[in-house]
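Have a look at the structure below, then the notes.
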Amino acid sequence: MKPAPFKYARPGSVDEALALLQAGGDEAKVLAGGQSFVPLLNLRMASVESIVDLNRLDDLAYIRRDNDTLCIGAMTRHRQIEVSDEVQAAQPLLCRAAAEVGHLAIRNRGTIGGSLVHADPAAEWPLVAAALDAQLVLRSQDNSRTVAAREFFLAPLMTAIEPAEILCEVRFPVAPAGAVWGFQELCRRPGDFAIVAIACQLTLDDSGTCSTASLAVGGAHSTPLHVADVEPIVVGSQGDAAVLTAAAEKAAAAVDPSGDVHGSADYRRRMVKVLAQRALKEAWSA
Amino acid sequence: MAATQFTEYQTIRVRVNGHEYEREVPVRRLLADFIRHDLGLTATHLGCEHGVCGACTIIMDDESVRSCLLFAVQADGAELQTLEGLADGDKMHPLQQSFWDNHALQCGFCTSGFLMSAVDLLNKNPRPSEEEIRHGLSGNLCRCTGYANIVKAVQAVAEQSQS
Ligand SMILES: Cc1cc2nc3c(=O)[nH]c(=O)nc-3n(C[C@H](O)[C@H](O)[C@H](O)COP(=O)(O)OP(=O)(O)OC[C@H]3O[C@@H](n4cnc5c(N)ncnc54)[C@H](O)[C@@H]3O)c2cc1C
Ligand code: FES
Ligand code: FES
């Protein structure tokens, strides 16, 4: 099918984009990579009065390290992150996650900002943003604010963004010394959305004892879910099997999955436990 | 520079397979429809029109993209390559020849999308393993071949380029 008629503008600067978005009111939306938005338009599951195309805003496409923070512009494509040496050096979990986002042609176009605002609970960027406690910089014409990823996602495809706001930048903490990570995703084919996915980051000292831990679950809850209860269990431990099992059980108890054609709610909960164990083990054996 | 305005029609210029085109389009015209209907280049196929089948894959500014998920206006100023631009006159592109030699197509509906995806895959990774080929082509659906011969065809080209 074809999208219903709309009006289109391609601004040359973020300020201009914000002004157009404001002028368009509730019926205007921004277009990023179009890899989630355009399917909805083509299927007529969504329609808009006006579209503000961000694709020529080079000032929103960048990867920049600022001391202990890795700043990624919202219009940076999945593929650019996947192959970035700078990201690999600063926060390798991001490259690992990027490689799992859709297929090559999808990654060539789709953007990190678009994925975060689209807020599919099974998507990789929301998951790692929750796991790593990313901060999202949102701008409107007369305001700028920073929202923690862990507070940004409200429900499937629902976030805290306001209609006149543009997500401009995503800030990830650079992996500290001793950081290790695990990433586990269950899906039918490479490139598919996760049935369940787990991302975790730990810091270990020289003896392999854990001092900080953060684990998040994707695909098994209405939003990506950071499971805070995991940290007290694994901190101070050396990752023996009993600890991993206890931590994974916490994760499985924290989620409230719903079932669909790819897996029942029960199956997803069980997979959370299995994959959480594997992800923690992967981190420890890194 | 005048402030950017919302419009319903725009005049765009694109280079497709080395030819320059200038056309006025409604802004909601999908790039795939522009290529097929406005330019008459029908090698680019449309299967699903929502990004899942890969039949509409083309190369835009050196990277594979879904032409059903782009509006023609977004290609203004871009360099596009469709399947029509792959062969060198009567001489098939190595990937085309290899698809032929390896029986990598049956009905052929998916073939142009596979070929364009394979072009990008080999550009980015000239010596892919079988697994990398399968990953690289995972976004393209074929209802006939069972994929084995498609993977073989791409592998054969990758091996040729090594020798
Ligand atoms: C076949 C297929 C397979 C896929 N598989 C996966 C997968 O496995 N994992 C995965 O995570 N994703 C997958 N995707 C989705 C893909 O990652 C999209 O790129 C992503 O979800 C949306 O990013 P986009 O840049 O394309 O945004 P768009 O589609 O352009 O926009 C999505 C939404 O976000 C809004 N938006 C976009 N950018 C901003 C911004 N900067 N500020 C404010 N609002 C904004 C738009 O208005 C729109 O509502 C797949 C897509 C397809 C077609
Ligand atoms: S027609 Fe574009 S992906 Fe199916
Ligand atoms: S050859 Fe028929 S769909 Fe692939």
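Please treat every number below as a calculation from the coordinates, not as lab data. What you see is a predicted model; the values in this text were computed from it and never measured. Here the Cβ positions follow ideal geometry from the backbone for every residue, glycine too, while neighbour counts run over all protein chains shown.
Some points to look at:
- The protein assembly as shown shape via C-alpha gyration tensor axes, a/c threshold 1.5: oblate
- Only Cα pairs under 8 Å and 6+ residues apart enter the sum, and on that basis the relative contact order of the range B:94-162 stands at 51 percent.
- Per-residue 3J(HN,Hα) values for the range B:54-71, derived from phi via the Karplus relation 6.51 cos²θ - 1.76 cosθ + 1.60 with θ = phi - 60°, read x, 4, 8, 4, 10, 9, 10, 6, 6, 10, 6, 9, 7, 6, 7, 10, 10, 8 Hz in sequence order (x marks Gly and Pro).
- The calculated FRET efficiency for the pair A:ALA228 and B:HIS19, based on their C-beta separation and a Förster distance of 45 Å, comes to about 0.15.
- Phi angles of the range A:50-61 translate, via the Karplus equation with coefficients 6.51, -1.76, 1.60 and θ = phi - 60°, into HN-Hα couplings of 9, 10, 10, 8, 8, 5, 9, 8, 5, 6, 10, 10 Hz per residue; Gly and Pro are given as x.
- Peptide B:68-77 has a mean of 5 when you count, residue by residue, the C-beta atoms of other protein chains within 10 Å of its C-beta.
- Excluding same-chain neighbours fewer than eight residues apart, the lysines reachable from A:LYS7 by a Cα-Cα span under 21 Å are A:LYS29.
- Contact order, relative form, for the range A:105-197: 29 percent (alpha carbon pairs under 8 Å, 6 or more residues apart, mean separation divided by residue count).
- Other-chain or far-sequence residues with amide H under 5 Å of A:CYS187's (modelled H): A:ILE195
- Between amide H atoms placed 1.01 Å from N, distances below 5 Å from B:ARG29 occur with B:ALA72, all of them 5 or more places distant or on a separate chain.
- Relative contact order (%) - criterion: Cα under 8 Å, at least six apart; region: chain A: 15 percent
- Part-to-part distance (alpha-carbon centres) for the range A:39-62 and the range B:9-83, which is given in Å: 16 Å
- For B:SER64, no residue whose modelled amide H falls within less than 5 Å of its own remains once neighbours fewer than 5 places apart on the same chain are excluded.
- Part-to-part distance (alpha-carbon centres) for the range A:238-286 and the range B:101-152, which is given in Å: 35 Å
- Cross-link table A:LYS250/B:LYS124; B:LYS91/B:LYS152; A:LYS2/B:LYS124, entries beyond 30 Å C-alpha to C-alpha: A:LYS250/B:LYS124; A:LYS2/B:LYS124
- Here the gap between A:GLU27 and A:ASN143, fully extended at 0.36 nm per residue and compared with their Cα-Cα distance, gives a gain of 39.8 nm.
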